[in-house]
1. Can you give the accessible area per residue of the chain, in Å², using a 1.4 Å probe?
2. Rounded to a whole number, what % of the accessible area of the chain do carbon and sulfur atoms account for, probe 1.4 Å?
3. Could you give the semi-axes, largest first, of the ellipsoid that matches the chain, computed as the square roots of 5 times the alpha carbon gyration tensor eigenvalues and rounded to whole Å?
4. How large are Rg and Dmax for segment 24-84 when only the alpha carbon atoms are used, in Å?
5. Kirkwood-based Rg over Rh for segment 7-47 (C-alpha set), two decimals?
6. With label points built 7 Å along Cα→Cβ from the Cα atoms of Thr52 and Thr68, find their separation and express it in nm.
Amino acid sequence: QVQLVESGGGLVQPGGSLRLSCAASGTIFTLNIMGWYRQAPGKERELVATITSGGSTDYTDSVKGRFTISRDNAKNTVHLQMSSLKPEDTGVYYCYAQYYKMSYWGKGTLVTVSS
């Protein structure tokens, strides 16, 4: 069973930066897609960014130019470098991974952007 464990969340001031990491365990296969979703208080979970095993990336419009997703296929890890953070980036960030038709989720890490 694939397990995803996130790290790197916390409290940061507006304009600051954070780096989230997610490590997958329980599989020897390279996960097809890895990425990040987030859920703000009172809102639905939304896609933030994804990256394929080939390195193709996709971002939601609100984070383009501020967030950068990267991955290490050999280690099945994915990172999200977040810069110029805004209060509206606050939420629980969930690591996501997909291997063909199977989807996996981490338990989430809280990011709070506040002064």
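The values are calculated or read from the model by the stated rules, or taken from the named source; none is laboratory data. Here the structure is a predicted model, which means the values were calculated and not measured. In this analysis, Cβ positions are derived from the backbone assuming ideal geometry, glycine residues included, and neighbour counts consider all displayed protein chains. The area values use the complete protein model at the heavy-atom level, side chains included, leaving out ligands, DNA and RNA. Shrake-Rupley method; radii C 1.70, N 1.55, O 1.52, S 1.80 Å.
1. Heavy-atom SASA per residue in the chain reads 54 Å².
2. Reported share for carbon and sulfur atoms: 50 percent.
3. Largest first, the chain gives 24, 14, 12 Å.
4. 12.4, 37
5. The Rg/Rh ratio comes out at 1.05.
6. Modelled inter-label distance: 2.2 nm.
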